[in-house]
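A quick write-up on the structure given underneath.
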Amino acid sequence: MTSGNATAFLAARDFLIHHREDYAAAYRDFRWPKLDRFNWALDYFDVMAHGNQQAGLWLTDEDGSEVKLTFTELGERSNRVANALRALGVRRGDRILLMLGNVAPLWECMLAAMKLGAVIVPATLLLTRNDLADRFARGRVRHVVAAIDVAPKFVELPGDYTRIVVGGSLPGWIAYDESYRAPAEFLPDGETRADDPFLLYFTSGTTATPKLVLHSHQSYPVGHLSTMYWLGLRPGDVHLNISSPGWAKHAWSCFFAPWNAGATVFIANQRRFNARGLLDTIVRCGVTTFCAPPTVWRMLIQEDLAAWRVPLKELIGAGEPLNPEVIERVKAAWNLTIRDGYGQTETTGLVGNTPGQKLKAGSMGRPLPGFQVALLDHEGSVQKEAEICLMLKPRPIGLMQGYQSDDGGVVPILDAVYRTGDVATLDDEGYLTYVGRADDVFKSSDYRISPFELESVLIEHPAVAEAAVVPSPDPMRLAVPKAYIAVAPGHAADRATALSIFRHCRTVLAPFKRVRALEFAELPKTISGKIRRVELRRSEAAKRKNGARVPLEFWEDDFSEDELRPQRESLRT
């Protein structure tokens, strides 16, 4: 190893792997490594990758093609990309917006940026022009690496920023493949402090725009030792995680956790989810560990799982609570139990059912090594059901530096605890069960949805006086966004107005955020005038349970695609 810090990191990693099935000892005796100068890509990855001919990244496609890069090749390629980026003006602390699918340059750029000390701003391919403008403004983006099919989204985002395109060539853009001509030897321009910024995530919260979550060179690379422990990863594993690039879970389980363990990151690219194709690929390629959101598990159990003799050793569910019946059906087919867990964009894995431990139906497990978790009410008193909180004395490494404010500063966490905003229950054996969001944020498929953000978009429509968005239970996606709308004077609560609102949502919102249903209604309020979303959630849950429809309720599916196509005319005159 190149430094004492890297040695301390390896010692912590090896301790968790050694105690993989001994939760009591791992939780009791694990300590986060004390770091001051640390660059995971240089101090750990490159040393681990040197002469290592194991596949570090294995990408497959449903057309039969694949890309397989050894750890050695990844180290060399990322060196070339780092040198090329430096030649283009990327400097330590610069913000690079990364908008790529599951292609090798995604991993190469992450490593290269880390080596340079630049900050990555991950971006899903689904982002709209407004989403990108927000990231440029508040994220202070200076460089862009984007897939060729999404590059047109940047036409309306003028400015003096570096444009690098992956997958071909475009006028005004630099072809990414040119970076492979850069030198294979990389020399850093200085040391990297462990608390230097490295990742800036935009995540939905209770505000109209996403919060900016800032992670450092230790909070994610080192913090994901806890995630590695939860997933049960070991050297030589072939790990498949179903997650879209741009979201934190992708970095969790498609980057840091597997490579911390010395495992292969495996990706099965599909244009549309195909359960049979995925199962065939798992068998053919020898995937040993598999992590997927409940939406995927619900699709998989539609197949006769026992017909596939899978080489899997560990199964994990993440992103939202998993139905017990799904777990039972998978266990009956494969004699393996899906282990649930919990964490946030702001953290690494916090709670989990770890390998070799007693599992309880519906529980997301116990606190992971390195984290002290307590359920606290608003007064700070410990309860059996309350908000999930992290104790910060000592502060765990796997916690963000803080939220970045609009002026570019970082709002530090000064309290003795970090409040997650999620509510759980605790049983007598220390197992936690997820209840829900304290602030009304909910999950649709594996995406986190902020009602307030959607309500802010709805209010822009001239027919909408007030709006409240709640989750409408859905058997496949867990929930979809439904809006309760009070119409503005002069507008009718009818089909034409509903269609106009759906068109507006399609124009402004990314597909995963779209409102899928709406109902014209008088919104219930408290005495102080606040909308009672809890009442709307209960009402919506009852309607879906009974299969009821009301006269002023409209769903996207009620309209044809031609009708829903956004109109060009402005909403306001």
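Taken together, the values in this text are just the output of simple stated rules run on the coordinates, not laboratory data. Note that the structure is a prediction, hence the values are computed from the model and not measured. Positions of Cβ are generated from backbone atoms using ideal geometry, with glycine treated the same way; all protein chains shown enter the neighbour counts.
Take each of the peptides 257-265, 15-23, average the number of other beta-carbon atoms within 10 Å over its residues, and list them starting from the highest. Write out the running numbers ahead of the final one.
Details: 257-265: 25.8, 15-23: 17.1.
Highest-to-lowest ranking by the protection proxy: 257-265, 15-23.
Under a point spin-label approximation (7 Å from Cα along Cα-to-Cβ), what is the Ala486-Glu535 distance to one decimal in nm?
For Ala486 paired with Glu535, the spin-label model returns 1.1 nm.
With the Cα gyration tensor of segment 442-564 giving a ≥ b ≥ c as the square roots of its eigenvalues, does the rule (a/c under 1.5 for rounded; else a/b larger than b/c for prolate; else oblate) give rounded, prolate or oblate?
On the way: a/c = 1.26, a/b = 1.01, b/c = 1.24.
Note, shape of segment 442-564 comes out rounded.
More than 20 angstrom separation, counting every C-alpha pair in segment 240-357; what % is that?
On the way: 2674 of 6903 pairs.
Of all Cα-Cα pairs in segment 240-357, 39 percent lie more than 20 Å apart.
What is the distance in Å between the Cα centroid of segment 91-164 and that of segment 267-329?
31
Per the helix-only calculation at 222 nm, which mean residue ellipticity applies to the chain, given -39500 (n - 2.57) for every DSSP H run of n ≥ 4 and division by its residues, nearest 500 deg cm²/dmol? Can you show the working numbers first?
Numbers: 16 runs with 153 residues, N = 573.
Helix contribution divided over all residues of the chain: -7500 deg cm²/dmol.
Quantify how much of the Cα-Cα distance distribution of the chain extends past 34 Å, in percent. The partial results should precede the final answer.
Values: 67318 of 163878 pairs.
Value for the chain: 41 percent of Cα pairs lie more than 34 Å apart.
Take Asp377 and Lys68, extend 7 Å from each Cα along the Cα→Cβ direction, and tell me the distance between the two endpoints in nm.
5.9
Multiply the residue gap between Val550 and Glu325 by 0.36 nm, knock off their C-alpha separation, and tell me the result in nm, one decimal place.
Values: separation 225, 0.36 × 225 = 81.00 nm, distance 3.05 nm.
My answer for the length gained is 77.9 nm.
Using a simple charge model, +1 on the beta-carbon of Lys and Arg, -1 on the beta-carbon of Asp and Glu, nothing else, what dipole does the chain show about its Cα centre, in debye to the nearest 20? Could the numbers behind the result be given before it?
On the way: 67 positive and 69 negative charges, 29 e Å.
The dipole magnitude comes to about 140 debye.
Run through the DSSP bridge list for the chain and note the antiparallel percent, rounded to the nearest 5. Write out the running numbers ahead of the final one.
On the way: 57 of 96 bridges.
Antiparallel bridges make up about 60 percent of those DSSP assigns within the chain.
Return the equivalent ellipsoid semi-axes of segment 57-154 as a descending list in whole Å, where each equals the square root of 5 times an eigenvalue of the C-alpha gyration tensor.
23, 19, 9
Quick one: net charge around Trp252, please, counting Lys, Arg +1 and Asp, Glu -1 for every other residue with C-beta under 13 Å from its C-beta.
Values: positive: Lys249; negative: Glu346, Asp446.
Local charge sum for Trp252: -1.
Which value in nm describes the separation of the simple spin-label points at Asp427 and Leu88, placed 7 Å from the Cα toward the beta carbon?
For the pair Asp427/Leu88, the computed spacing is 5.2 nm.
Working out 0.36 nm times the residue gap between Asp195 and Glu156, then minus their Cα-Cα distance, what length gain in nm do you get to one decimal?
Numbers: separation 39, 0.36 × 39 = 14.04 nm, distance 3.49 nm.
10.6 nm is the gain from fully extending Asp195 to Glu156.
Under the rule a/c < 1.5 gives rounded, and otherwise a/b versus b/c splits prolate from oblate, where does segment 399-501 land using the Cα gyration tensor?
Because a/c hits 1.5 or more and a/b fails to exceed b/c, segment 399-501 counts as oblate.
Ala25 to Tyr180: extension gain in nm, 0.36 nm per residue of separation minus the Cα-Cα distance?
Values: separation 155, 0.36 × 155 = 55.80 nm, distance 4.58 nm.
Gain on extension, Ala25 to Tyr180, equals 51.2 nm.
Within the set Lys525/Lys545; Lys68/Lys211; Lys115/Lys313; Lys313/Lys513; Lys34/Lys384; Lys313/Lys384, which residue pairs have Cα atoms separated by over 27 Å? Walk me through the numbers on the way to the answer.
On the way: Lys525/Lys545 24 Å; Lys68/Lys211 36 Å; Lys115/Lys313 34 Å; Lys313/Lys513 34 Å; Lys34/Lys384 33 Å; Lys313/Lys384 34 Å.
Checking Cα-Cα distances, Lys68/Lys211; Lys115/Lys313; Lys313/Lys513; Lys34/Lys384; Lys313/Lys384 exceed 27 Å.
Apply the Karplus parameterisation 6.51 cos²θ - 1.76 cosθ + 1.60, with θ equal to phi minus 60°, to every residue of segment 445-457 and state each ³J(HN,Hα) to the nearest whole Hz, in sequence, with x for glycine and proline.
Karplus values, whole Hz, x for Gly and Pro: 6, 9, 9, 8, 10, 9, x, 4, 5, 5, 5, 5, 5.
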